[in-house]
Amino acid sequence: MRKPVGVAVIGCGMISQNHIKALQNLEGIEIYAFCDIDRSKAEAMAARYGVSNIFDDYKKLLLDDGVDVVHICTPHYLHPQMTVEAFEAGKHVLCEKPMSFTVEEGKRMIRARDEAGKQLAICFQNRYNESSIYMKQVMESGVLGRLMGARAQVTWNRRPEYYENSPWRGSWEKEGGGVLINQAIHTFDLLCWLTGNIRTVEASLSTKRLKQTIEVEDTVDVFMTGEQGERFLFYASNCYVSNAPVELEIICDRGSLKLVGNEVVTNRDGIVTKQDYTSGTVHGKDYWGSGHGLFIQDFYHCIKTGDRFPVSGEEALFTTSLLDAVYRSGKSGEVIKI
């Protein structure tokens, strides 16, 4: 009988629950260990899921031969170093977003992956939402004609307690930013993934509601252009009264696509159709979509077959470069060329 793939989850906070729920639906997978600097959190997770291996030091965990894959669900600033060390220990890595704060850190992660000959996944799971896959297929088919522009917005609500209960959040040093790099990153990634044609970035950052709580932005707006004059707008804020459905619209010269929540409206040569993608297993909050399970399932399929995972380092690095450009532009007031 083939030995199960041994999986370790590093970081036992809120986001790790989505990973665990997805792992429980996979065959040939064993949740082998939990690790958290706060050992009580790892112990609680281990008791809940019947796991006997508990660590409070990820370096010791990486020495355990029972671990084949690590899921890195830690604060943002730890992602690059933990990923590199996991590859050096011969493990596959699934790392939560963001990949890194800088392009150079991201490239370092890719080099470590290549040297180890292992798989890397950066958790942009919304690319696996059924609505996202449909929109990507439409864009790649060319049936809507020439791309003219796109816009997206995320208006959610994060209270002061959200930051106060996790001190790493809200700081430039450890979170790397605010609403953009944490909450709105998935929608920003979808905008970039579906258009893929961004050449200049101009942005503004502000802290409107949470000035007394965080040093990073709670609101961001971005203007980007493409090589053929396409115009892209992005807006995100944590200042709203609720977590409103994400909106993303793409305009082409023969029609358009518009995503609101889980519904996609397609206008092709004046013929309008609507498709509701609400169905599906959601791990976490419903406004995230249902991609986590499919993302993780595909990652383990690629480990098994040796196929290259579709959201590996290079794909995530493009989004990382744009995030970096937004923050540099927002701080300097300059237009950043990509």
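Nothing in this text is a laboratory measurement; each read-out follows from the coordinates by a stated rule. Because the structure is a prediction, the values reported are computed rather than measured. A quick note on method: Cβ atoms are made from the backbone with ideal geometry, for glycine too, and the neighbour counts reach across all protein chains shown.
Shape class of the range 183-285 from the alpha-carbon gyration tensor: oblate, with a/c at 1.5 or above and b/c at least as large as a/b. For the range 78-168, the residue among Q119, A89, Y134 whose Cα projects farthest onto the positive side of the dipole built from Cβ charges is Y134. Remark: the range 5-125 carries a charge dipole of roughly 260 debye about the Cα centre, counting +1 on each Lys and Arg Cβ and -1 on each Asp and Glu Cβ.
Would you mind telling me the antiparallel percentage of the DSSP bridges in the chain, rounded to 5? Antiparallel bridges: around 60 percent, rounded to the nearest 5. Placing unit charges on the Cβ atoms of the charged side chains and taking the dipole of the chain about its Cα centre, the candidate lying farthest along the positive direction among H79, I185, A33 is I185.
Restriction of the trypsin sites (Lys or Arg not before Pro) in the range 18-82 to DSSP coil positions whose beta-carbon has at most 11 other beta-carbons within 10 angstrom yields no sites.
Of all lysines in the structure, those lying under 19 Å Cα to Cα from K3, and not within fewer than 8 positions of it along the same chain, are K91, K118, K304. Per-residue ellipticity at 222 nm from helix content only, as computed over the chain with -39500 (n - 2.57) for each DSSP H run of at least four residues, stands at -10000 deg cm²/dmol.
Taking a straight Cα-Cα cut-off under 18 Å and skipping sequence neighbours fewer than 8 places away in the same chain, the lysines within cross-link reach of K258 are K136, K274.
Kirkwood radius and radius of gyration were both taken over the C-alpha atoms of the chain, and their ratio Rg/Rh is 0.96.
Spatial offset of the range 303-334 relative to the range 71-100 amounts to 15 Å, using the alpha carbon center of each. Using the empirical formula 2.2 N^0.38 Å as the baseline, the Cα radius of gyration of the range 105-152 reaches a ratio of 1.67. Between the C-alpha center of the range 147-193 and that of the range 239-279 there is a gap of 21 Å. Against the main long axis of the alpha-carbon atoms of the chain, helix 103-116 sits at an angle near 50°. Please compute the Kirkwood hydrodynamic radius over the range 5-125, one decimal place, Å, based on all pairs of different Cα atoms. Taking the inverse mean of 1/r over all distinct Cα pairs, the range 5-125 comes out at 14.2 Å.
Put +1 on the Cβ of every Lys and Arg and -1 on every Asp and Glu Cβ in the chain; which of I54, A150, P98 then has its Cα farthest towards the positive end of the dipole? Of the listed residues, the answer is A150. Rounded to the nearest 10 degrees, what's the angle between the helix 130-141 long axis and the longest principal axis of the chain, both from Cα atoms, 0 to 90? Helix 130-141 and the main axis of the chain meet at about 50 degrees.
Using only Cα atoms and rounding to the nearest 10 degrees, what angle (0 to 90) does helix 291-305 make with the longest principal axis of the chain? It is inclined by approximately 60 degrees. Each of E161, E130, E247, E27 has some number of other Cβ atoms within 10 Å of its Cβ, and from fewest to most they run E27, E161, E247, E130.
Around the Cα centre of the chain, unit charges on the Cβ atoms of Lys, Arg, Asp and Glu (plus for the first two, minus for the last two) sum to a dipole of about 300 debye. What FRET efficiency, computed as 1/(1 + (r/R0)^6) with R0 = 25 Å and r the Cβ-Cβ distance, is obtained for I271 and E247, rounded to the nearest 0.05? That pair, I271 with E247, gives E of 0.70. Residue by residue, the range 163-173 carries 3J(HN,Hα) couplings of 7, 5, 7, 9, x, 5, 6, x, 10, 5, 5 Hz when phi is fed to the Karplus relation 6.51 cos²θ - 1.76 cosθ + 1.60 (θ = phi - 60°); x denotes Gly or Pro.
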